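The next block holds one structure in the form of structure tokens; read it before the comments.
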Amino acid sequence: MAEEELNYVTVKFNSHNLPNDGVIYEDMRSELEMRPPQHSTQEQSGDVEEIYDDVRSKELPCNLPHIFQENVSKLSLHAPVTLVVAALGILCVILMSVIIALSLNLNSVMAEQRRQSVNLTAHMQAKLELLQERALELSTERNQLNWTVGQVLRFDIFPVNDLCPQKVLSLCKPCADNWLQFGSKCYLFVHAVYYADWKTWQDSVDDCKQRNAKLLLIESWKEQEFVSNHTRYYNDDKHGYWMGLSKNEDSDRWNWNDGRNLTLPFWRNENYYYRNRCALTSKSRASQSLNNWSKANCDMKNRFICQTHAFAKPDLP
């Protein structure tokens with residue numbers, strides 16, 4: 001086989017100023033030194049290749065304006081597409097920026113709304129607690145007022161100066177001075193020393209009435225015990241303290257001054273005289289029994305016990 005040769009081609013273009021019949025020559029030189037033209041033939045697969053050292057191309061015109069115009073036309077076709085793509089890219093960036101800005105603003109607004117909602121809830125809760133406390137105070141005041149009205153109505157004449165001298169409900173006393181309280185009642189034990197100060201049963205009733213009270217009425221064993229603990233023995237066993245208990249001449253029954261019948265008696269065992277129609281409670285030296293009531297003549301003079309309602313403050317929530 002013939003040795004492979006590397007050929008270089010030199011192309012020369014004629015200028016526009018040259019005659020139109022200008023010719024483009026191609027010189028082909030071998031990598032080795034210029035050698036005289038050589039003719040060789042090689043048979044391969046029945047074909048014959050002829051290699052020439054010198055090749056002359058055919059004449060080609062060089063038209064630069066035409067080439068430039070083609071490039072310009074190609075650019076003019078691609079320019080709108082490029083502009084549309086660029087515009088779409090810019091629009092996408094703008095939309096993304098707007099979406100991000102709106103998202104951030106929405107998050108900020110929602111966070112502010114949550115904060116305001118929490119603050120509003122706390123404020124409303126505090127207001128609700130204050131209203132509940134005020135409602136409880138008003139309810140207590142209403143109950144106290146209703147109780148006070150009920151207490152006042154129990155008196156025929158309410159002793160304001162004795163019980164509430166400062167005209168303030170919270171400073172009112174349950175009982176006047178020198179009166180003793182037991183439960184819902186106040187008691188005045190008139191321990192008069194001299195006979196001149198002792199009174200008949202009717203005079204005792206009138207004296208208690210002037211004090212806005214009534215002569216003693218006993219309704220329970222506890223009350224009888226309280227009265228017995230505060231009475232004193234004086235003069236003799238026949239004297240004692242008048243109670244608001246007397247015998248009705250028409251019915252021949254013992255009744256309290258308020259019209260109720262006697263249901264819980266504490267009588268002594270003693271002889272009864274028909275003229276003894278009023279009741280006494282007294283102490284005996286010989287006995288400390290609670291059964292210390294005795295029947296006496298209503299014109300007899302004795303000490304006495306007055307009783308009225310206590311203006312006690314209610315134990316309200």
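The values are calculated or read from the model by the stated rules, or taken from the named source; none is laboratory data. Keep in mind that this is a model prediction, so the values were computed, not measured. All Cβ positions, glycine included, derive from the backbone under ideal geometry; neighbour counts span all protein chains shown.
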Which is in contact with an Asp or Glu (Cβ under 7 Å, 6 or more places away or on another chain) and in a loop (DSSP other than H, G, I, E, B), of Ser289, Ser284, Ser251?
Ser284
For segment 248-268, how many residues are more than 55 Å from the chain's Cα centre (by Cα), touching a residue at least 40 places away in the same chain (Cβ under 8 Å) and over 21 Å from Ser284 (Cα atoms)?
1
Pair list, Cβ < 9 Å and 6+ apart or interchain, from segment 122-151 residues that are among the aliphatic types (A, V, I, L, M) to residues that are part of a helix (DSSP H, G or I):
Leu145/Leu169
Taking segment 177-194 on its own, how many of its residues are surrounded by 18 or more Cβ atoms within 10 Å (Cβ to Cβ) and outside any strand (DSSP E or B)?
1
In segment 207-246, how many residues are over 60 Å from the mean Cα position of the chain (by Cα) and among the charged types (D, E, K, R)?
4
Just checking, which of Ala286, Ala296, Ala279 is farther than 22 Å from Phe182 by Cβ, small (Gly, Ala, Ser) and touching a Leu at 6+ places or on another chain (Cβ under 7 Å)?
Ala296
Show the residue pairs meeting these rules: Cβ distance below 6 Å; 6+ apart or different chains; first residue within segment 165-185 and more than 18 Å from Trp221 (Cα to Cα); second residue of a type outside the set (Ser, Thr, Tyr) and assigned to a helix (DSSP H, G or I).
Cys172/Leu163; Lys173/Leu163; Ala176/Asp162
Pick from Phe304, Phe226: which is part of a strand (DSSP E or B), assigned by TED's automatic domain parsing to the domain that holds Val190 and hydrophobic (A, V, I, L, M, F, W, C)?
Phe304
So, Gly150, is that one farther than 30 Å from Asn302 by Cβ and either in the same structural domain as Tyr234 (by TED's automatic domain parsing) or at pLDDT below 80 (or both) or not?
yes
Which of the residues spanning segment 254-281 are at pLDDT 85 or above, surrounded by 10 or more Cβ atoms within 10 Å (Cβ to Cβ) and assigned to a loop (DSSP other than H, G, I, E, B)?
Asn257, Arg260, Leu262, Leu264, Pro265, Phe266, Arg268, Asn276, Arg277
Test set (1) on the phi > 0 side of the Ramachandran plot; (2) at pLDDT 90 or above; (3) small (Gly, Ala, Ser) - Ala196 fails condition number:
(1)
